[in-house]
Amino acid sequence: MSNDFQELDRKIFDRELREFLPSKVFDAHVHFFDHSCLVPGTSFPSSHPYSKFGGTFGPSQYLEWAEGALPGVELYANHFGHPGMESDRDASAAYSGRISDNRQFFGLALVAPADTAERARRRVEQNQLVGFKPYPNFVADKPVGEVTVHDMLPAAQMEVANELGLAIMLHIPRPGRLADPVNQVQMVELCRRYPNARIIFAHIGRAYFLSNVVGFLDGIAACPNAYIDTAMINHEGVLEYALQNFPRDRILFGADAPFSLLRGKSVEINNQYAYLMGEDYDIGTVIFDTDHAVTFTTFFYEQLRGIRLAAERARLEQRDIEDLFFNNADRLFRGVTTNNYGEPGGNGSQIESTRKAPTGRDIPAQGNALGMRSKGNPALKGRDI
């Protein structure tokens with residue numbers, strides 16, 4: 001793995017993050033996959049973020065990065081494969097099962113509308129996974145901009161999720177994101193029709209800029225089975241609004257590794273957003289620092305900075321911070337595990353409100369000139385984090 005942790009990053013961690021982070025961090029939104037998960041012949045261009053990590057990304061790579069970037073922190077993860085047509089969804093589920101112990105690592109199965117409910121169930125049960133990961137690109141019969149939530153999750157699949165009490169990591173579709181009126185209706189409908197499923201709205205409903213979140217969390221906030229994760233959100237205003245207007249025990253920290261390990265920052269521009277990039281990788285709508293005039297840290301650290309500032313503004317207490325970073329996700333995914341496969345045991349119990357000493361962990365085998373570029377990478381077609 002390319003591990004470019006730098007002295008600047010160490011100073012940021014020591015000065016801004018070390019005393020803020022709890023001793024355990026549960027990243028609820030991670031992409032893990034190896035070559036066995038991909039359709040034969042798949043390769044990613046050099047501009048694809050996966051290229052930085054050798055074309056695949058697994059738990060040992062993440063833990064290697066965290067060893068330097070998050071010293072003294074024990075890292076947990078809920079993960080799923082690459083959500084694209086390049087993935088073999090059955091093979092991806094099998095891989096996710098192999099690397100999950102349902103104590104430190106929990107896995108979701110990629111699902112598409114073309115998958116029968118029986119096949120989706122089999123992916124979960126045979127591999128002891130904790131839920132489904134749909135994606136707008138898996139809807140084959142519509143332009144991606146016209147896909148709806150209900151298109152992504154057929155009723156038969158959701159009946160399985162409801163029966164088993166599964167977690168659903170939902171990247172909502174449509175250009176309007178969280179504020180889209182169709183999404184606003186269908187997100188609530190999904191939660192109410194399937195009350196035993198745990199619906200996680202990724203990226204705070206893809207609300208990366210403030211006007212997209214203000215006034216648009218109320219519907220799902222009223223649904224006790226609705227959750228949000230913070231993946232790739234570094235906007236302190238968006239994060240503060242979520243902390244103030246959504247039940248805090250249903251907010252999950254998510255980083256979206258390996259994308260969050262790149263150097264850059266999401267910025268709001270005129271009620272829109274773009275990724276200001278310090279590296280020449282395409283992850284959506286990006287602005288490249290072509291003259292290398294700016295010194296960047298990682299998206300991961302920028303997210304932590306945003307959460308810290310939002311937590312201060314929202315006056316979170318230490319227990320609230322520990323819940324956000326660990327307890328909420330651990331309770332959710334362990335609950336699904338226990339209900340379906342029995343008590344996993346192990347060392348993932350809720351962390352105490354007082355800070356613990358660092359612990360070890362087992363690593364599984366395994367310029368001023370800014371150039372605008374749109375989504376031109378074929379391997380990222382339709383991906384809008």
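The values are calculated or read from the model by the stated rules, or taken from the named source; none is laboratory data. Bear in mind that the values here come from a model prediction, so they are computed numbers and not experimental data. Glycine also receives a Cβ, built like all others from the backbone with ideal geometry; neighbour counts cover every protein chain displayed.
Which residue, of Arg198, Arg174, is modelled with pLDDT of 95 or more and within 16 Å of the chain's Cα centre (by Cα)?
Numbers: Arg174 fails: within 16 Å of the chain's Cα centre (by Cα).
Just a single option satisfies the conditions, and that option is Arg198.
Answer with yes or no whether Asn127 is more than 16 Å from Cys223 (Cβ to Cβ) and surrounded by 18 or more Cβ atoms within 10 Å (Cβ to Cβ). First the steps, then the outcome.
Values: more than 16 Å from Cys223 (Cβ to Cβ): yes; surrounded by 18 or more Cβ atoms within 10 Å (Cβ to Cβ): yes.
Against the criterion (more than 16 Å from Cys223 (Cβ to Cβ) and surrounded by 18 or more Cβ atoms within 10 Å (Cβ to Cβ)), Asn127 qualifies.
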Members of segment 187-244 that are in contact with a His (Cβ under 6 Å, 6 or more places away or on another chain) and polar (S, T, N, Q): none
Residues that are surrounded by fewer than 23 Cβ atoms within 10 Å (Cβ to Cβ) and closer than 12 Å to Tyr227 by Cα, drawn from segment 189-212: Cys191
Residue in segment 65-87 that is farther than 30 Å from Ile12 by Cα, crowded, with 19+ Cβ neighbours inside 10 Å and hydroxyl-bearing (Ser, Thr, Tyr) present: yes
Failed item in (1) in contact with a Pro (Cβ under 9 Å, 6 or more places away or on another chain); (2) closer than 21 Å to Ala242 by Cα; (3) of a type in the set (S, T, N, Q), with Gln157 passing the rest: (2)
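Is there a residue in segment 341-352 that is at pLDDT below 85, among the hydrophobic types (A, V, I, L, M, F, W, C) and surrounded by fewer than 16 Cβ atoms within 10 Å (Cβ to Cβ)? Show your work before the answer.
Let us first name the residues in segment 341-352 that are at pLDDT below 85, namely 344-352.
Still in the list and also among the hydrophobic types (A, V, I, L, M, F, W, C): 351.
From what's left, surrounded by fewer than 16 Cβ atoms within 10 Å (Cβ to Cβ): none.
Looking for residues that are at pLDDT below 85, among the hydrophobic types (A, V, I, L, M, F, W, C) and surrounded by fewer than 16 Cβ atoms within 10 Å (Cβ to Cβ), one finds none in segment 341-352, hence no.
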Selection count, segment 5-23, where residues are under 21 Å from the mean Cα position of the chain (by Cα) and in a helix (DSSP H, G or I): 1
Subset of segment 24-49 that is within 20 Å of the chain's Cα centre (by Cα) and part of a loop (DSSP other than H, G, I, E, B) - its residue that is nearest to Ala310 (Cα to Cα): Phe32
Count - residues of segment 122-169 that are of a type outside the set (S, T, N, Q) and closer than 15 Å to Glu189 by Cβ: 11
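From the set of residues in segment 249-288 that are assigned to a loop (DSSP other than H, G, I, E, B) and of a type in the set (Val, Ile, Thr), which is surrounded by the most Cβ atoms within 10 Å (Cβ to Cβ)?
In the first step, residues of segment 249-288 are kept if they are assigned to a loop (DSSP other than H, G, I, E, B); the result is 253-256, 258, 262, 269-272, 278-285.
Now drop any that are not of a type in the set (Val, Ile, Thr), which leaves 269, 283, 285.
Values: Ile269: 11, Ile283: 25, Thr285: 16.
If we take residues in segment 249-288 being assigned to a loop (DSSP other than H, G, I, E, B) and of a type in the set (Val, Ile, Thr), then Ile283 is surrounded by the most Cβ atoms within 10 Å (Cβ to Cβ).
Run down Leu63, Leu38, Leu21, Leu70 and say which single residue is in contact with a Leu (Cβ under 8 Å, 6 or more places away or on another chain), more than 23 Å from Glu279 (Cα to Cα) and not aromatic (Phe, Trp, Tyr).
Leu21
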Of the criteria (1) of a type outside the set (A, V, I, L, M, F, W, C); (2) in contact with a Gly (Cβ under 6 Å, 6 or more places away or on another chain); (3) more than 30 Å from Pro195 (Cβ to Cβ); (4) surrounded by 22 or more Cβ atoms within 10 Å (Cβ to Cβ), which one Asp291 fails: (4)
